[in-house]
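No lab work stands behind these numbers, since they all come straight from the coordinates. What you are looking at is a predicted structure, and each value in this text was computed from that prediction instead of being measured. Cβ atoms come from the backbone with ideal geometry, glycine included; neighbour counts cover every protein chain shown.
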Amino acid sequence: MKSTFRKSKGFTLIELLVVIAIISILAAILFPVFARARENARRASCMSNLKQIGLGMMMYVQDYDERYPLSKVNAPQADPNMPGSKFVVTSDTACSDGHCISWMDLLQPYTKSTQLFVCPSVRNGTYPSYGYSGAIGNSSEKYKYNFAIYVSGGNYPTSNMAEILRPSEVYAVVEYNYSAGTSVSPYGQGSAARSATASTYLRVTPHLDGGNVAFADGHVKWINAAKFKELGSNSSCHLDDIDETSAFCDRSWNPFRP
């Protein structure tokens, strides 16, 4: 009696190669989509961080006669629970290994979190993920944005709300994973906002060819990388004779020009 069972055939080499090729094509299509979705989630989390930072800054301003916090105090941060102890914010010798009291410490009573200053896409946990505009919080940098009033070398207070003519348009806090985050500017290595090199440019644009920004009125927006590139020359801005080629005259960074 003949057996009714037939011996099954295996895959041929050609069939196996076709299946592998199809899987490879699908992976090549889907993996970038998954990576982009993950980065979108990190960007949203980072935007939430900056929104809370912006709200904390607005609360600080209301409590301190409408004046924005100082970018840095030349004194070491001794409290281990404060951001200044966790992050290196400067190379200043007045502080212990760069752990100065900074704008993040001044906002701490309102933000109540050190982790808030860490972006999910952070590259170096030694530094904070965000940098504060020198035009608003650094008294010795203000002359670069309004040379006609703030003379070089002068020691002026931080900006107040009345000075900032377009708070909904001016950057206050940007993404900047580096130690110079106490005085971010639109030009040079100190801000990385002008440089297009990989080592510096990605500090302000870590999310999908762009970066999140908290504005002087507290709202947050994602900005395309093109806005940060090649902003102009490293010359101070004379508001009585505005030079549009000066980085410090840029409307997104200069809070004193109309």
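General observations
- Pairwise Cα inverse-distance average, inverted: Kirkwood Rh of segment 14-249 (Å): 18.8 Å
- Taking all Cα pairs closer than 8 Å and separated by 6 or more residues, the relative contact order of segment 14-249 comes to 20 percent.
- Ranked packing of 239-245, 71-77, most packed first, by mean Cβ within 10 Å: 71-77, 239-245
- Pairs from the table (K51/K72; K112/K142; K86/K227) lying more than 26 angstrom apart at Cα are K112/K142; K86/K227.
- Residues L239 and Q62, FRET efficiency given R0 of 35 Å [Cβ-Cβ distance, rounded to 0.05]: 0.80
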